[in-house]
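Here the structure comes first, spelled out in structure tokens, and everything after it is commentary.
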Amino acid sequence: MDLVRVERNRSMAVRRELPQVVPNTVCLSCEICCRFPEVESFLRPYFTGEEIERAVAAGLDRSVFPDASGSQIALVPHPDGDSYLCPAFDPATHHCRIYAARPLDCRLYPFALMWDESHAQVVLGWDRKCPYPGDTPPPTIAEQAEAAAAWLETEAVLDTIAAHPRLIGRFQDDVMVLRALPALTSRVTRARRPAEDPRLAPLTASDAVRFDNALERAALLHDQALAAYAFPYHAMWTALLPYWWMEEDETFYLFARSSDGWFMPLPPLGPRPLERTVQMALGVMDEWNGGSPVTRIENVMAAQRSRLVDAGWCFTHHAGDYVYEAPALADLAGDRFKSQRALCNRAAREAAIEVRPFGAGDARACRALYLRWADQKRAAGVHDPFAAFLLEDAGAAHALLYEEAARWGVSGRVACIDGDVKAYTFGYWLTPGTYCVLAEVADRSIPGLAQYLFRDTCRRAVEQGARYVNAMEDSELPGLRAAKRAYHPAAVVERWTLRGRAG
């Protein structure tokens with residue numbers, strides 16, 4: 001059987017209609033589907049390359065698809081001006097203009113494909129945002145879920161989803177998990193690791209010791225090193241990206257795979273000459289990425305760059321980590337800290353704040369606080385698309401942090417008012433003299449609470465021997481940059497991304 005016929009048969013299998021779960025009368029009166037609050041909403045439907053061609057043939061403009069090989073659709077402003085619409089949706093009739101050619105992502109809804117909270121397996125869920133049939137799906141939907149799961153794990157559909165892993169969404173609290181999809185999990189996991197390289201292993205909490213040993217061999221840590229040279233920094237983002245590692249000749253190679261391809265979040269860690277290990281790593285990624293420009297090595301420090309720049313490697317400079325003298329932030333003395341000191345005093349004056357260690361029982365309250373804080377940020381006007389993207393993605397990373405902090409060697413504290421969690425912070429020791437703030441969230445409706453908790457964090461760090469506090473980078477966001485500079489850093493530790501040789 002030739003490839004053309006194989007692809008045609010696979011396409012026909014994937015296009016077979018799933019049974020409609022929600023009655024037409026509900027769909028046509030719904031005020032939720034096909035509408036989105038942000039233009040870059042991660043919930044907008046994803047189209048494979050073949051689905052894009054069918055949608056264009058059905059009347060959609062090709063320009064609404066940023067990538068012809070597969071992409072989320074570009075939204076258009078709602079005529080009312082307060083939200084965004086799928087360009088295939090007619091708000092006057094509530095009909096889809098390309099209904100017969102709608103993508104798998106839409107045909108599956110209100111069932112949803114997503115990673116579970118630990119990003120360990122793919123699950124089938126029911127989106128509670130759908131008004132039918134209320135909070136609890138009826139028994140018939142459980143039967144439909146089994147049928148949908150069986151269809152999703154047929155060979156043709158498995159192949160399609162493995163080729164387009166963005167069809168699998170991030171974990172969402174408001175999606176009811178119905179069942180795991182082990183065959184799909186296995187297929188997608190295999191697709192994310194090059195089959196020809198069995199050296200790769202997924203990064204898990206049990207790899208923390210291996211990571212730390214590699215850092216020790218590389219002799220890179222000092223009080224003003226980048227915060228990225230620590231296991232927790234990367235572990236929390238496994239909620240969103242699959243991380244993999246391999247070890248060769250006492251050198252540890254950490255890889256991550258985005259929707260665009262493979263990259264290294266850190267340079268190789270080990271005693272071998274860095275020039276040789278970098279060349280090996282870039283060659284491996286170029287092979288995996290098929291020559292895509294996504295191949296890169298992030299978080300290169302100044303000393304490493306100086307060893308590589310003469311070899312002709314190209315670098316891009318990025319915002320660095322803000323490192324402060326810990327005793328100064330613990331005291332907040334003098335005119336330069338006048339505004340922060342006043343905010344701390346106001347918070348203490350207006351409420352009885354109790355700061356205590358984070359416990360496993362605080363996870364739900366911290367999650368609720370994060371969602372409230374994110375809503376407050378949006379209401380205040382998050383206009384930068386990158387800032388909005390970070391706000392969405394950080395929620396999953398924080399949720400994983402609540403569960404795994406103790407296993408990663410991360411300590412957490414919560415600030416409570418009248419018994420309710422109103423702020424939290426997590427951090428780790430980069431060296432015996434430098435404490436890193438990994439995450440911090442405070443209810444924005446309580447003036448001075450964020451400053452109060454940050455001062456408390458610095459005071460406790462000083463009590464345990466900290467000379468410096470690393471508050472990480474500003475993500476090149478103007479508001480965050482201003483807030484970090486207002487605390488008068490002792491240094492801003494520079495970072496670079498290596499992207500190959502010139503020419």
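Taken per residue, the accessible surface of the chain reaches 46 Å², heavy atoms only and a 1.4 Å probe. Counting only helical runs of four or more DSSP H residues, what would the 222 nm mean residue ellipticity of the chain come to if each run contributes -39,500 (n - 2.57) and the total is spread over all its residues? My calculation for the chain gives -11500 deg cm²/dmol from helical runs alone. Taking a straight line from the alpha carbon of Lys422, these aspartates and glutamates sit under 19 Å away, with near neighbours fewer than eight places off in the same chain left out: Glu350, Glu354, Asp362, Asp375, Glu403, Glu440, Asp443, Asp456.
Classify the range 398-447 as rounded, prolate or oblate from the Cα gyration tensor: take a ≥ b ≥ c as the square roots of its eigenvalues, call it rounded if a/c is under 1.5, otherwise prolate when a/b beats b/c and oblate if not. Working shown, then result.
On the way: a/c = 2.49, a/b = 1.70, b/c = 1.46.
Since a/c reaches 1.5 and a/b is larger than b/c, the shape of the range 398-447 is classed as prolate.
Extents of the chain, largest first, come to 68, 58, 38 Å (Cα atoms, principal axes, whole angstrom).
For Gly500, the residues 5 or more places off, or on other chains, whose built amide H falls under 5 Å of its own are Cys314.
Share of carbon and sulfur in the accessible area of the range 317-474 stands at 50%, probe radius 1.4 Å.
Where a ≥ b ≥ c are the square roots of the eigenvalues of the C-alpha gyration tensor, would you call the range 437-485 rounded, which needs a/c under 1.5, or, failing that, prolate if a/b is larger than b/c, or oblate?
Numbers: a/c = 2.50, a/b = 1.26, b/c = 1.98.
It comes out oblate by the Cα gyration axes.
Derived scalar couplings between HN and Hα for the range 265-275 equal x, 9, x, x, 10, x, x, 5, x, 4, 4 Hz in order, rounded to whole Hz, by the Karplus curve 6.51 cos²θ - 1.76 cosθ + 1.60 (θ = phi - 60°), x for Gly and Pro. For Lys422, nonlocal amide neighbours, meaning residues 5 or more places apart or on other chains whose placed amide H falls under 5 Å from its own, are Ala415, Cys416, Ile417.
The values are calculated or read from the model by the stated rules, or taken from the named source; none is laboratory data. Treat the numbers as computed from the prediction; the structure is a model and nothing was measured. Heads up: the accessible areas ignore ligands, DNA and RNA and are worked out on the full protein's heavy atoms, side chains in. Shrake-Rupley method; radii C 1.70, N 1.55, O 1.52, S 1.80 Å.
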